[in-house]
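The block underneath contains the structure these notes are about, expressed in structure tokens.
The values are calculated or read from the model by the stated rules, or taken from the named source; none is laboratory data. As the structure is a computational prediction, the values presented were derived from the model and not from experiment. Using ideal geometry, Cβ is built from the backbone for each residue, glycine included, and neighbour counts are taken over all protein chains shown. What goes into the accessible areas is simple: the full protein's heavy atoms, side chains included, and nothing from ligands, DNA or RNA. Shrake-Rupley method; radii C 1.70, N 1.55, O 1.52, S 1.80 Å.
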Amino acid sequence: MNLNTRNRISPMVFVAFSLLAMLAFIGCSERDLTELELASADDNPLVFEDEFQGGLDYAAFEFSFYDAFTIDETVAYTGTASMKVSIPALEWAGGSFYTHGSRDLSNYNALTFYAKASRPVTLGSAGFGIGILDDGPLESQLQNLPLTTEWTQIVIPVPNPARMINERGMFWYSMGASDEAVDIWFDEVKYANVSGITNPRPVMTTRSVQALVGDEFSIPGTRTVFNVSGQDYRVYHTGAHFSYYSSDDGIAEAEGGTVTAVSLGAAMITAKLGSTDVQGTVTAQVVTELTAPIIFIDAIDEGLDYGAFESSHYDAMTIDEENGVDGSAAVKYTIPNGLWAGGAFFTGESRDLSSFNALVFDAKATEDYTLSAVGYGVGMEFGTPAMVEVNDVQLTTEWTRVIIPIPNADHLTAENGMFWFSAADAGEFWFDNIQFTNVEEGVITNPRPVMSSASVEALLNEIVPIEGTATTFDIDGTDMLVTHTNIYFTYTSSDENVATAVNGVVTAVGGGSATITGQLIDTEVDGEITVTVIAPPSEAAPEPTHDQADVISVYSDSYTDIEVTSWLTDWSFGPLTVFDQVIVGDNVKAYTGFNTPAFYGGIDFTANPIDAATPVMTHFHMDVFAPAGTQFGIKIVDFGANGAYGGGDDSEHTFILNDSSDPLFVNGQWVAMDIPLTEFGGMNFGNVSQFVITGTNTGSVWVDNIYFHK
């Protein structure tokens, strides 16, 4: 194996599967569950047994910590060596063990291995079927596997061993980032025949799908529950483990988890896992034109529910059986004076809306009326990832057709929120013919997408919001502004080693600056975000040496701390934030936003005031790290004998760390402020209740080891 080569495997495969909650069988007895029958090289079941077996190689997943993997010749479950994954704090690791030549694993019903960690952790996921470039058709995984400091055997059942005749992806793992570094060991990784894997209960998600002749679509939600030695475990896997059957192959064919529309009509797709029927069916409706999912035409569509928004007029909606567009039924809302109304039509089972380009409906009112907002993407919870809204929709006494474009339908594959509205004023109005559809070409044109431009300073692993996303469309010659969530755009980072941008989430991953831009299908988004990531200190602050008996600690891993009410009070001033971070195993507080001297952050512990006067403390200590700027200030506030703010006996004093102070202010290194209390002139120290920190153009500041001492 060439450990100097780190191939970049696309992360998209395991990201998609990371949402699936899979369970591992954890062997708790001392008996080794594997019963191996070694075969020829072509069906060699061994992955790792003191060394890699049968021409295996390893590649780290793209954007993971590439140097995590080594072979450890000092630790092993059995034999002389194990595979070790060392993951630093705030990094994630993952990779695939694959063969250059395929193997026949059809004689084995499970992948087994032993694992342990340097501390109790939950391994994010592990499985098989990911090779050097992408996932294999039979990819399977388990997720959230508890590891301890003792070796534990883990068994991953193979759903359909008979299909495993041409495998390259032998084993893969993924472990998410943590505030604390961890080592994980794997040993005795091999395929085996495990007794006690019984009673498979395969499932696929029941759905009805419209398709045009020649279209293909995947069968969703394939998974199997196994009984392993008396306990049920669920394995999620690709659809290729099942065998599929169409009620009419002349209409729709199904193979390998993919359905192909052949001719017009309807066909039901069923499946088996071996000889066991799969629960669930997929109905393929092959049509000449995709028809719209209906919300309301004469009646609320089957499978939909309606919920009024909290604090709105709950009784506003009725079904008017006579005043629809063509004299049939419509949804009617009546809002009395002083009240408002709003609500959402939603489904319990999500719908695939990716084939349509608009939500349309007819509306009218008893007099000219303005709907505050209307849209889709609101279900039981307000503000779902795909939420869209149009504001100030004008209604008249005549039926008006309203068209709300879908910015990018590729993101509406599993939507629950079908239609919602909000109306602030008293009035009476109707909706009819609410549905998703494909508006004819030329009606919706000229998309002009925007997002709010910003220049943001972020800490490592901080999430940076993308805000102000909206698109203006030309609808039959009239502009319509569609406000929507940020998932409809595709984002690009100028440097993915600094900041990544995936599904509307920007994550700071390394020191430096990166520019985030967006695109709506083929149209560039107006606006950009510049992210400057401030890397944390590479070393922890020096460990204090004072005895606990001589210290009153506010914040330090070395001492017992008082309880602090707030590390950033609501009376703080400026765009400040505070984060908990771990640096080389040491907990620190990280503040951002100290861009001008006017900004200040309050730290409040009024509920647990410090008496530094009895016994007499002589010094105040704080370790400070500022990557930039010219000075840092710390104000100590004492509330006096009455212990209350503004009681007439309060006292406060500020110590400024700068280029003439003792100690000196120095950028880019920890500065130990150990200040005699005599420097805080005029101060009382019997009821110290608050600190106030400031920074002159420091941006981010890290603080640690805050205490009084003798």
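For region 299-315, what are the residues that are free of Cβ contacts under 8 Å to residues at least 12 places away in the same chain and either of a type in the set (Gly, Ala, Ser) or buried (at least 18 other Cβ atoms within 10 Å of the Cβ) (or both)?
Ser311
Take the residues in region 219-258 that are β-branched (Val, Ile, Thr) and touching a Gly at 6+ places or on another chain (Cβ under 7 Å), then tell me which one is nearest to Ser275 (Cα to Cα). Don't jump to the end; show me each part of the working.
Within region 219-258, the first condition is being β-branched (Val, Ile, Thr), and the residues that meet it are 219, 222, 224-225, 228, 235, 238, 251, 258.
After this cut, where a residue has to be touching a Gly at 6+ places or on another chain (Cβ under 7 Å) as well, the list is 219, 222, 228, 238, 251.
On the way: Ile219: 19, Thr222: 16, Val228: 19, Thr238: 18, Ile251: 25 Å.
So, considering only residues that are β-branched (Val, Ile, Thr) and touching a Gly at 6+ places or on another chain (Cβ under 7 Å), the one nearest to Ser275 (Cα to Cα) is Thr222.
Could you tell me whether Phe473 is under 29 Å from Ala329 (Cα atoms) and open to solvent by less than 30 Å² (accessible area, probe 1.4 Å)?
Details: under 29 Å from Ala329 (Cα atoms): no; open to solvent by less than 30 Å² (accessible area, probe 1.4 Å): yes.
So Phe473 does not fit the description; no.
Anything in region 43-74 that is hydrophobic (A, V, I, L, M, F, W, C), closer than 19 Å to Thr112 by Cβ and at pLDDT 90 or above? List them, or say none. Before the answer, list the steps.
Start the filter on region 43-74 by keeping residues that are hydrophobic (A, V, I, L, M, F, W, C), which leaves 46-48, 52, 56, 59-61, 63, 65, 68-69, 71.
Those still in the list that are closer than 19 Å to Thr112 by Cβ too: 46-48, 52, 56.
Matches in region 43-74: Leu46, Val47, Phe48.
Please give the strands (runs of 3 or more DSSP E) falling wholly within region 158-243 in which 1 or more residues are modelled with pLDDT under 90, among the aliphatic types (A, V, I, L, M) and under 28 Å from Glu255 (Cα atoms).
197-203, 207-212, 223-228, 231-237
Can you tell me how many residues in region 532-551 are over 26 Å from the mean Cα position of the chain (by Cα) and open to solvent by 40 Å² or more (accessible area, probe 1.4 Å)?
Result for region 532-551: 10.
Give the number of residues within region 81-134 that are farther than 19 Å from Phe52 by Cα and of a type in the set (S, T, N, Q).
6
The conditions are (1) touching a residue at least 60 places away in the same chain (Cβ under 8 Å); (2) outside any strand (DSSP E or B), and Asp248 fails exactly one of them. Which is it?
(1)
Any residue in region 110-121 that is hydroxyl-bearing (Ser, Thr, Tyr) and open to solvent by 20 Å² or more (accessible area, probe 1.4 Å) sitting within a Cβ distance under 9 Å of a residue that is in a strand (DSSP E or B) and at pLDDT 95 or above? List the pairs, counting only those 6 or more apart or interchain.
Ser118/Ser86; Ser118/Val182; Ser118/Asp183; Ser118/Ile184; Ser118/Trp185
Can you say whether Leu212 is over 23 Å from Ser102 (Cβ atoms) and open to solvent by less than 10 Å² (accessible area, probe 1.4 Å), as far as the supplied structure shows?
Values: over 23 Å from Ser102 (Cβ atoms): yes; open to solvent by less than 10 Å² (accessible area, probe 1.4 Å): no.
So Leu212 fails the test.
Which ranges mark the strands (runs of 3 or more DSSP E) fully within region 316-390 that have 1 or more residues being open to solvent by less than 60 Å² (accessible area, probe 1.4 Å) and of a type in the set (Val, Ile, Thr)? Let's see the steps before the verdict.
Details: elements: 317-320, 330-335, 341-351, 358-365, 369-376.
Passing ranges, in order: 330-335, 341-351, 358-365, 369-376.
Being closer than 25 Å to Asp425 by Cβ and of a type in the set (A, V, I, L, M, F, W, C) is the filter here; which residues of region 330-361 pass it?
Residues of region 330-361 that are closer than 25 Å to Asp425 by Cβ, as a first pass: 330-346, 359-361.
If the condition is that a residue be closer than 25 Å to Asp425 by Cβ and of a type in the set (A, V, I, L, M, F, W, C), then Ala330, Val331, Ile335, Leu339, Trp340, Ala341, Ala344, Phe345, Phe346, Leu359, Val360, Phe361 are the ones that fit.
Filtering region 412-422 down to residues that are outside any loop (DSSP other than H, G, I, E, B) and small (Gly, Ala, Ser), which residue is surrounded by the fewest Cβ atoms within 10 Å (Cβ to Cβ)?
Ser422
Whether any residue in region 598-606 is polar (S, T, N, Q), within 29 Å of Gly585 (Cα to Cα) and under 44 Å from the mean Cα position of the chain (by Cα) is what I want to check. It would help to see each step written out before you state the result.
Let us first name the residues in region 598-606 that are polar (S, T, N, Q), namely 606.
Next, only the ones that are within 29 Å of Gly585 (Cα to Cα) stay: none.
No.
Identify the single condition in (1) in contact (Cβ under 8 Å) with a residue 40 or more places away in the chain; (2) out of contact with any helix residue (DSSP H, G or I) (no Cβ under 7 Å at 6 or more places or on another chain); (3) part of a loop (DSSP other than H, G, I, E, B) that Pro407 does not satisfy, given that it satisfies every other one.
Of everything listed in (1) in contact (Cβ under 8 Å) with a residue 40 or more places away in the chain; (2) out of contact with any helix residue (DSSP H, G or I) (no Cβ under 7 Å at 6 or more places or on another chain); (3) part of a loop (DSSP other than H, G, I, E, B), Pro407 misses just condition (2).
Among the residues of region 138-156, how many are touching a Ser or Thr at 6+ places or on another chain (Cβ under 9 Å), in a strand (DSSP E or B) and either modelled with pLDDT of 85 or more or closer than 15 Å to Phe226 by Cβ (or both)?
12
Pick from region 423-439 the residues that are under 36 Å from the mean Cα position of the chain (by Cα) and surrounded by fewer than 20 Cβ atoms within 10 Å (Cβ to Cβ): which of them is modelled with the lowest pLDDT?
Result: Asn438.
Consider region 80-109. How many of its residues are open to solvent by 30 Å² or more (accessible area, probe 1.4 Å), assigned to a strand (DSSP E or B) and more than 30 Å from Thr198 (Cα to Cα)?
Residues flagged as open to solvent by 30 Å² or more (accessible area, probe 1.4 Å), assigned to a strand (DSSP E or B) and more than 30 Å from Thr198 (Cα to Cα) within region 80-109 amount to 4.
Confirm whether Ile529 is of a type in the set (A, V, I, L, M), in contact with a strand residue (DSSP E or B) (Cβ under 9 Å, 6 or more places away or on another chain), open to solvent by 30 Å² or more (accessible area, probe 1.4 Å) and at pLDDT 90 or above.
On the way: of a type in the set (A, V, I, L, M): yes; in contact with a strand residue (DSSP E or B) (Cβ under 9 Å, 6 or more places away or on another chain): yes; open to solvent by 30 Å² or more (accessible area, probe 1.4 Å): no; at pLDDT 90 or above: yes.
No, not satisfied.
Taking the residues in region 391-411 that are open to solvent by less than 50 Å² (accessible area, probe 1.4 Å) and over 12 Å from Thr485 (Cα atoms) as candidates, determine which candidate is nearest to the chain's Cα centre (by Cα).
Kept after step one, since they are open to solvent by less than 50 Å² (accessible area, probe 1.4 Å), are these residues of region 391-411: 393, 395, 400, 402-409.
Retained after the next criterion (residues that are over 12 Å from Thr485 (Cα atoms)): 393, 395, 400, 402-405, 409.
On the way: Val393: 34, Leu395: 40, Thr400: 40, Val402: 34, Ile403: 32, Ile404: 28, Pro405: 27, Ala409: 21 Å.
If we take residues in region 391-411 being open to solvent by less than 50 Å² (accessible area, probe 1.4 Å) and over 12 Å from Thr485 (Cα atoms), then Ala409 is nearest to the chain's Cα centre (by Cα).
Any residue in region 67-78 that is in a strand (DSSP E or B), touching a residue at least 24 places away in the same chain (Cβ under 8 Å), open to solvent by less than 50 Å² (accessible area, probe 1.4 Å) and more than 23 Å from His241 (Cβ to Cβ)?
The answer is yes; a qualifying residue exists.
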